[in-house]
Each structure stands twice: as C-alpha cells, then as structure tokens.
Amino acid sequence: MRIVIVGGVAAGMSAAARARRLDETAEIIVLERGEHVSFANCGLPYYVGGEIAQSDDLLLHTPESLRAALDLDVRVGHEVIGLDAGKRTVTVRSAAGEERLGYDALVLAPGAVALRPSVAGLDSPRVRTLRTVADAVSLRETVDAGARRAVVLGAGFIGVEAAEALRLRGLEVEMVEFAPHALPPLEAELAALVTAELGRLGIVVHAGVAAEAIEHLEDRDAVRLSDGRRIDAELIVLSVGVRPATAVFEAAGVACERGAMIVDEHGRTNLPGVYAAGDAVVSIDRVTGLRRPVALAGPANRAGRQVADHILRPDAARPIPAPVGTAIVRVGELAVAMTGANRASLRQAGIDFDTLHLHPAQHAGYFPGATPMALVVHIRRGDGLLLGAQGVGREGVDKRIDVLATAIRAGLTAPELVDLDLAYSPVYGSAKDPVNLVGMVGSNVIDGTLTLWYAEQWAALRDDCLVLDVRSRGEYEEGHLPGALLIPHTELRERIDEVVEAAAGRPVRALCGSGVRSHIANRVLLQAGLDSASLSGGMLTLRAVLGDGVLVAGG
Ligand code: FAD
C-alpha cells in the first residue's frame, strides 16, 4: 500500500509515523513544500526571543533521521499543486520539475497560512510572518541587525508571543488589535490582567483599532491606524490569523466550508481514499457544536495519528474526538489558559449558562509563595455541566485548566468536580483544590444556595438595590462603590436590622474582596428573609471589569 501525505509537520508527520508503526510494509511518502519537516512551530517565538538559542533546536527530525528511524520517504521542497481523485494521483512540483504520484490513501495535512488583510502597503519587506523556521531566523536576524521598533499586527496567541519575544530583545513593541482586547478569545475580565501585564513588560496595546495602511519610508515604515495614530517601525509582524492552505484541494473537489476541509469522524473527506487533518479541517466544537477550524498542535497531532489508524486498521480505529480548544500562553510572569467555550461562543450557540469567578491561591495560603489565580468558569444553567474555563495567574493555572479540560471531555458537572480526588500537600495545592472550589461554587449556584450578581450589572442596579460591602473598614476606605453600605461580615448577624432599614424593601447586593465573605453574608441575609445576592468574583473581578475609576476612597 502506498500512503502519500501532504504536509510534513504536526498532523502529517504524526500520520506518517503512526502508519509506519502499524505497517512495516507500507510505502509512506511525505511531501513537504518547505525546507524542513517535523519542526517545532510552537517554539518559533522563543527562538526569536533568544530563549531557544539555536535554530537547529527547532528541528526535531530531518528526512534522513526519519528514513533511519521509520523508513519514511520524506521529500522536502515538494509542493503538491494538483489532485486527481479519480485517478488517485497528486501532481508534485519540485526543483526537478513536475511529476505525478499515485496513491492508495492520501492524507492532506497542509495546515494554514497567515491571513493577509487588505491593508495598503502590506507588501513592504519590513512586514513579516512567523510560521516557519526561515521566518523565525529572518526575524531574529533583523533584530540582530539593530531593529529598534516593532509593530505586531494582531494580538492573538502568536502575536502576543512574538511581541514578548521582541520586547525581550529590547525592542520598543506596540501591538494593534481589532478586537476590544489582546487575546480576543479571553473573557474581558481576564484580558484586563493580560493588558496590565503587557503594559508592565513595556508593550503598548492599541485595541479596538485597525491598521489601515503601511507607509514605506526610507529607513522605516509607518503603520497608520483607524484612530488616526501613526506608529513607526523597522519591523512589522503580521499575525492577524490564519486561513487553511487548501486552495489546491478545494479546486480538486474536496468539500470545504469557508476554506476548511470537511471531514467525518475518521478524517475522511468526500473523496474516496482522501483523508485530511489538522489546521486545514473544520472541527465541530465539543461544547457548542459550532463548526470552525481549531489551529492547535495537540488536536492536529492526535488527528494525524487517528487518520493513520483508520487507513490501516479501519475496524479498530476510534473516532477523532471533537476538540475542546484547550490552549495556554505565557505573558510575562502570567500563564493564560483556556478550555472549552467562552461567553461569546455560548451565546452564539444559544446555550444558557452561569458564570463563576474565583480567585484561589495555587497552594495553601499559609505556605510561603501562595499567589492567587483568577478563574472564570461557565456551567450550564440547570444541571451545572461544565462548559468552559479560563485562568490567569503566576502559578498553577496550567494544572487547573488541564483538569477542567479533562472534566469537560468527561462531561462532568459542577457537583462532580467537588468529588475529584486531587493531589494535595501545602506545597502544591489545598485540601480544597481550586478545581474542587469551582465545583462547590457551581453546586451552590445550581441548587440555589448561592445567587450571584455580576459587576457588569452594577450601573443598572445601583439605584434599585442596596449594595452591601462586607469587607473590613480598611479595605472599604481604600476604594468602594459609591453608596455602598459598609458592614463587615463578622458584624452582620448583630447588625442585620441596619441592613433591613437601609434596604427599605430593595434587594441587597453583597460584595467583598473575592466573593468568599459575601457568600457568607449572602447566606445570613437570605436566611433573614432578604432578597440577596453575592458579587461573583468580588472586588477583584469588579475592578477588572469596571476599572478603578468607579470607586471612591475614604469612609
Ligand atoms: P502545520 O504544522 O502547519 O504543517 C503543514 C505543513 O504543510 C507546512 O509545513 C506546509 O509547508 C505544508 N504544506 C502546505 N501546503 C502544502 C502543499 N500543497 N504541498 C506540500 N506541503 C504543503 N499550537 C499549540 O497548540 N500551542 C502552541 O504553543 C502553538 N504555538 C504556535 C506558534 C507559532 C509561531 C505557530 C505558527 C503555530 C503555533 N501553534 C501552536 C499552532 C500549531 O503549530 C498548529 O496548530 C499545528 O502545527 C497544525 O498542524 P498541521 O499539521 O495542520 O499544519
């Protein structure tokens, strides 16, 4: 059997390696148009920033090492420019010319290419992308040659990594993002923490604006923004997103949706013997059912492997799982991670949900080095099914988001998170791990023990509710919502009459630092017969959502 694979990195090379491990007799040919296969695209920003010293460290294999280890026929500099599914051949262009190559099974893993928006002047040689080893080498050379100012267009994951790498090398870096904040899939209240950290690193973020034109000047370019600003730069990194590299295959009859190839649960396209995997295919989101390509290395690697399983062991092959989109990125001293659905996609899918905000420490508070993380978790209204989670913090975020990703995959609900036995010693966690706490807060919400109110609601409810601040006097005096009544939670039981009087029949909306003390207060108030709710995430979340400008200081 001859298996031809187009694209020799994540999905393609996983398919090739697995195919060989399953079948010593198959002829396996990998066609890669670039000069490298099996390179670490995820490591490229760290080479630019110098944390990865040598570009060779990005090359995990060579055609020679793959021939030796796996008997693969890997052909770099070979671009597939045509497909005839009827005749089961691909047309390949290389330095030697064009040839047709027959196959029994074809795996399309062409990945994606950088999206090029219609911005005048984008053809400037100072505009670069970061997708290949050559891109990374060229960027680093430009920095070594003395570039001082960079503009990064697009503040998604790759843009943020590129910006941080360039800043690490001492450049002045400004980012331009069309969405309202950097890392657009992140919830706004967490994005505020990222924006602050980027600011601390000295990276300026222009959010909610577009690059309108790039003017070519002698020694630099100038990026003109939709808000009228002009930013000079010797280097411009284009990272506004990707599009599947599928034109050839779509033209040959592979069914596509907005350019991404449509596959079934085994990676089969509509054409016989033609499979596809990776960034270039449509995935169906496990939580929302929304259809979109997922440009992440893990799902691409695993799908490539499972495609090989289906080619060689069709009866035993497991279906390729729908991805939940688990991702993580470092921003300065913060880890920023997410899994499952965010608010926007849940709304798009029409799923009712409740949002939980927590600020637990990564390990026991009494053990030195405890530091808080901010978690935002969405659960399905009614049954508490875990739908999505995001976290930002210095330590421990990766572990919690991975556990929550596992829980989403397993279809766990908030009460079931309470039951998880997670590793604990004061050095690593807490007897009630942040994941267990998510479960407890979520359980309280779904069984009615806890009613939440949200910072976004403050403007609408401030005149119709009594805002009750249950923090200490010192915390209150540092900054509180105007009109909020201060009664520390430890005094509440004795002073409940004051609340009743001040509320004058209005609902009470309690708040504290992070939502723990206001939950206690809320229980006291509810059991005293008041209409009460507790601010989700407390002042920590409120400040991130509304900013410090809404607060007043003093007694
Ligand atoms: P790719 O790995 O992109 O491979 C596709 C290959 O196909 C390319 O080498 C291309 O040259 C080749 N090709 C395309 N068309 C043809 C053709 N017609 N003929 C021959 N060859 C062709 N993901 C994460 O999960 N975590 C990260 O931290 C992360 N960081 C990233 C950082 C950067 C800078 C980049 C660029 C990506 C990052 N990703 C990350 C995304 C991840 O690398 C991709 O999701 C993954 O590589 C997709 O795998 P793939 O096999 O579909 O495509």
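The values are calculated or read from the model by the stated rules, or taken from the named source; none is laboratory data. Note that the structure is a prediction, hence the values are computed from the model and not measured. So basically every Cβ, Gly included, is an ideal-geometry build from the backbone, and we count neighbours across all protein chains shown. What goes into the accessible areas is simple: the full protein's heavy atoms, side chains included, and nothing from ligands, DNA or RNA. Shrake-Rupley method; radii C 1.70, N 1.55, O 1.52, S 1.80 Å.
Using modelled amide H (1.01 Å from N, peptide plane; none on Pro or chain starts), what sits under 5 Å from the amide H of Met175, excluding residues fewer than 5 places away?
Distant-sequence amide H within range of Met175: Val152, Val204, Val205, His206.
Assign one of three labels to the stretch 1-148, namely rounded, prolate or oblate, based on the Cα gyration tensor with a ≥ b ≥ c the square roots of its eigenvalues; rounded applies when a/c is under 1.5, prolate when it is not and a/b is larger than b/c, and oblate otherwise.
Oblate, since a/c reaches 1.5 and b/c is not below a/b.
Which distance in nm do the two modelled labels at Val209 and Lys432 give, with both placed 7 Å along the Cα-to-Cβ direction?
According to this spin-label approximation, the distance is 4.5 nm.
Can you give the net charge of the other residues whose Cβ lies under 13 Å from the Cβ of Arg230, counting K and R as +1 and D and E as -1?
-2
Ranked highest first by the average count of other Cβ atoms within 10 Å around their residues, in what order do 460-468, 187-195 fall?
Order by mean packing, descending: 187-195, 460-468.
How long is the gain from Glu265 to Thr91 if the chain were fully straight, where each residue apart is worth 0.36 nm and the alpha carbon distance is subtracted?
Details: separation 174, 0.36 × 174 = 62.64 nm, distance 2.73 nm.
Contour length minus the Cα-Cα distance gives 59.9 nm.
If you count the DSSP beta bridges with both ends in the stretch 90-193, what percent of them are antiparallel, to the nearest 5?
50 percent
If you roll a 1.4 Å probe over the heavy atoms of the protein chains, what accessible area per residue do you get for the chain, in Å²?
Counting only protein heavy atoms, the per-residue value for the chain is 42 Å².
So between Gln457 and Glu501, what do we pick up on full extension, going 0.36 nm a residue minus the alpha carbon distance?
Full-extension gain reported as 13.5 nm.
I'd like to know how the chain sits against the 2.2 N^0.38 Å rule of thumb: what's its Cα Rg over that expected value?
The chain yields a ratio of 1.10.
Relative to the longest principal axis of the chain, what angle (0 to 90°, nearest 10) does the C-alpha long axis of helix 297-312 take?
Computed tilt is about 50 degrees.
List residues of the stretch 107-132, by number, whose backbone nitrogen lies under 19 Å from a label position 7 Å along Cα→C-beta of Ala145.
It comes to 122-132, nothing else.
Each label point is 7 Å from the Cα along the Cα-to-Cβ direction; what then is the distance between the points at Arg200 and Asp23, in nm?
The modelled label-to-label distance comes out at 5.3 nm.
Can you give the relative contact order of the chain as a percent, counting alpha carbon pairs under 8 Å and 6+ residues apart?
Computed over the chain, the figure is 11 percent.
Rounded to whole Å, give me the distance from the Cα center of the stretch 246-300 to that of the stretch 125-175.
30 Å
In the chain, with Lys and Arg counted as +1 and Asp and Glu as -1 at Cβ, which of these residues, His363, Gly340, Ala109, has the Cα nearest the positive end of the dipole, that is, farthest along it?
Towards the positive end, the residue furthest out is Ala109.
How much length would be gained if the chain were fully extended between Ala364 and Asp219, taking 0.36 nm per residue of separation minus their Cα-Cα distance, in nm to one decimal?
Gain on extension, Ala364 to Asp219, equals 46.8 nm.
Pairs of Cα atoms under 8 Å, at least six residues apart: use those to get the relative contact order of the stretch 268-388, whole percent.
18 percent
Run through the DSSP bridge list for the chain and note the antiparallel percent, rounded to the nearest 5.
In the chain, approximately 55 percent of DSSP beta bridges are antiparallel ones.
What ranking, highest mean first, results for peptides 71-79, 393-401, 547-555 when packing means the other Cβ atoms within 10 Å averaged over each residue?
Ranked from most to least packed, the peptides come out as 393-401, 71-79, 547-555.
Computing the accessible area with a 1.4 Å probe over protein heavy atoms, can you report the carbon and sulfur percentage for the chain?
Working: 11980 of 23580 Å².
Ligands and nucleic acids excluded, carbon and sulfur give 51 percent.
If packing is taken as the average number of other Cβ atoms within 10 Å across a peptide's residues, how do 517-528, 119-130, 53-64, 335-346 rank, most packed first?
Output ranking for 517-528, 119-130, 53-64, 335-346: 335-346, 517-528, 119-130, 53-64.
Name the residues whose placed amide hydrogens come within less than 5 Å of the amide hydrogen of Gly479, ignoring near sequence neighbours (fewer than 5 apart) on the same chain.
Excluding prolines and chain starts, which carry no amide H, the hits are Gly554.
Would you mind telling me the antiparallel percentage of the DSSP bridges in the stretch 189-323, rounded to 5? Spell out each step's value before the answer.
On the way: 14 of 15 bridges.
Percentage antiparallel, nearest 5: 95.
If you take the square roots of the eigenvalues of the alpha-carbon gyration tensor of the stretch 367-483 and sort them as a ≥ b ≥ c, do you get rounded (a/c under 1.5), prolate (a/b over b/c) or oblate?
oblate
Would you work out the relative contact order for the stretch 316-355, in percent, from Cα pairs under 8 angstrom that are 6 or more residues apart?
Computed over the stretch 316-355, the figure is 27 percent.
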